[in-house]
Amino acid sequence: MKVAFFDAKPYDKPSFDKYGEENGIRFKYFETKLTEDTADLAHGFDAVCVFVNDTVNRAVIDKLNSFGIRLLALRCAGFNNVDMKYAHGRLHVFRVPAYSPYAVAEHTIALLLTSIRRIHKAYIRTRDFNFSLAGMTGFDLHGKTVGVVGTGRIGRAFIDICLGFGMKVLAYDKFPAADLEDGERVRYVTLDELFERSDIISLHCPLTEDTYHLINAETLEKCRRGVVILNTSRGALIDAEALLEGIKARVVGAACLDVYEEESEFFFEDFSGHILEDDVLARLISMPNVIVTSHQAFLTEEALRSIAETTVKNLLDFTQNGQCENELCYRGGSTEDCKSGKCF
Ligand code: NAD
């Protein structure tokens, strides 16, 4: 089987080559992202493999279909970049639902500690032999309240770490997990209560119509003064302009962002020699209390191996058995895991 692999990075290749070769799948790596303009590169391939910032809209789906391509392997969990409604009946879409929730949860905590203990400032100061502590005062995590939106795999891994720090957890999920709440250290609350009572808010829900701009001017008004906002989920969960205003108004004490709404224009590429065209991103990065990483929360060796292994298994399962447990299906107005393997 020949697979066109878009948005390829050097760190993708070792694992995909290894699992691909072992299972008779040949990946052709394209550095470019999949868009309407680049979809022609998929001509002659049996399947397409994409990541978070590739675009799989109507035009792309039509093009892939015109080349006889019916298989789309997402090498990520989120699928907000795929028009799932239009894909129904046109493409079998597979994803990697979980590769290492610990990778993302641990990166979220790394960002939080870096921010509130000013490690990013200390690193630069001591390299310049500046050993002053002025402006370095942080705060203890122990005893603080963290609001966690989305208590799936990553949210739960993050909650476990927070509990280890002695924090209290207020959780919100559209589908709460009965076994998570203990009434004392972890409690499900309404979103409003979460906003009103959390010292730190961490987003671990998918990007959907419900969660688009979950953090906006109105919800920030409900938050505690000095709230720390963490987003390692999807950029558009936050209205970045409202966040910027919240930071300027000193409502938001700090923000740690691994994702950004307009990230597909910039993330994963080197713009160090350029003038950044996105004023909101540039202004956010200029803030002393904002830390931005470039969608790297997933990037551990364990996660890369697991992503490649599951992607290859998804393609094999479907081609050999006509069924794949990680197929996504658009039914009744929402996307869910396909139970039958016969979504079209
Ligand atoms: P998951 O499916 O295990 O959990 C998502 C949780 O969100 C579920 O419990 C679900 O019920 C809940 N949810 C759904 N709609 C909601 C709503 N409207 N409000 C509140 N909660 C809602 O997914 P996961 O593996 O924990 O991943 C979470 C998110 O993390 C993904 O959607 C993805 O966007 C993001 N992610 C980011 C990276 C990264 O590198 N930064 C890597 C992997 C995943």
TODO: Could you please find all residues in the stretch 103-135 being in a loop (DSSP other than H, G, I, E, B) and either in contact with a strand residue (DSSP E or B) (Cβ under 8 Å, 6 or more places away or on another chain) or surrounded by fewer than 17 Cβ atoms within 10 Å (Cβ to Cβ) (or both)?
DONE: ARG117, ASP128, PHE129, ASN130, PHE131, SER132, LEU133, ALA134, GLY135
Open item on the list: Consider the stretch 1-47. How many of its residues are open to solvent by less than 50 Å² (accessible area, probe 1.4 Å) and either free of Cβ contacts under 8 Å to residues at least 12 places away in the same chain or not in a loop (DSSP other than H, G, I, E, B) (or both)?
Closed with: 12
- [ ] Any chance you could count how many residues in the stretch 80-102 are assigned to a helix (DSSP H, G or I), surrounded by 24 or more Cβ atoms within 10 Å (Cβ to Cβ) and over 22 Å from the mean Cα position of the chain (by Cα)?
- [x] 0
- [ ] Scan the stretch 215-234 for residues that are within 18 Å of ASN289 (Cα to Cα), crowded, with 20+ Cβ neighbours inside 10 Å and either away from the ligand (no atom under 12 Å from the Cβ) or of a type outside the set (Val, Ile, Thr) (or both) and jot them down.
- [x] ILE215, LEU220, CYS223, VAL227, VAL228, ILE229, LEU230, ASN231
Task: Conditions (1) touching a residue at least 40 places away in the same chain (Cβ under 8 Å); (2) within 16 Å of the ligand (Cβ to nearest atom); (3) β-branched (Val, Ile, Thr); (4) open to solvent by less than 10 Å² (accessible area, probe 1.4 Å): number failed by VAL52 - done: (4)
- [ ] Take the stretch 95-116 and flag every residue that is touching a helix residue (DSSP H, G or I) at 6+ places or on another chain (Cβ under 6 Å) and away from the ligand (no atom under 15 Å from the Cβ).
- [x] THR114
TODO: Could you check how many residues of the stretch 158-184 are in contact with a helix residue (DSSP H, G or I) (Cβ under 8 Å, 6 or more places away or on another chain) and within 11 Å of the ligand (Cβ to nearest atom)?
DONE: 6
TODO: List every residue pair whose Cβ atoms lie under 6 Å apart, where the two residues are 6 or more positions apart in sequence or sit on different chains, the first residue falls within the stretch 108-123 and is within 21 Å of CYS205 (Cα to Cα), and the second residue, located anywhere, is part of a helix (DSSP H, G or I).
DONE: THR108/PHE158; ILE109/ILE161
Open item on the list: Test of understanding: among GLY138, GLY147, GLY155, which residue is among the small types (Gly, Ala, Ser) and either away from the ligand (no atom under 16 Å from the Cβ) or open to solvent by 100 Å² or more (accessible area, probe 1.4 Å) (or both)?
Closed with: GLY138
Task: Index of the failed condition, GLU218 passing every other in (1) without any contact (Cβ under 8 Å) to a residue 12 or more places away in the chain; (2) under 22 Å from the mean Cα position of the chain (by Cα) - done: (2)
Open item on the list: Based on this model, can you work out whether PHE195 counts as more than 12 Å from the ligand (Cβ to nearest atom), part of a helix (DSSP H, G or I) and under 21 Å from TYR260 (Cα atoms)?
Closed with: yes
Open item on the list: Within the stretch 198-214, take every residue that is charged (D, E, K, R) and within 11 Å of the ligand (Cβ to nearest atom) and give me the one that is least open to solvent (accessible area, probe 1.4 Å).
Closed with: ASP210
Open item on the list: Which condition from (1) more than 12 Å from the ligand (Cβ to nearest atom); (2) in a loop (DSSP other than H, G, I, E, B); (3) open to solvent by 70 Å² or more (accessible area, probe 1.4 Å) is the one that ARG187 breaks?
Closed with: (2)
- [ ] Please verify whether the stretch 298-315 includes one or more residues that are within 21 Å of the chain's Cα centre (by Cα), open to solvent by less than 90 Å² (accessible area, probe 1.4 Å), of a type in the set (Phe, Trp, Tyr) and under 23 Å from LYS222 (Cα atoms).
- [x] no
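The values are calculated or read from the model by the stated rules, or taken from the named source; none is laboratory data. Only a predicted model underlies this, so the values are computations on that prediction, with no experimental measurement involved. In this analysis, Cβ positions are derived from the backbone assuming ideal geometry, glycine residues included, and neighbour counts consider all displayed protein chains. Accessible surface areas use protein heavy atoms only, side chains included; no ligands, DNA or RNA. Shrake-Rupley method; radii C 1.70, N 1.55, O 1.52, S 1.80 Å.
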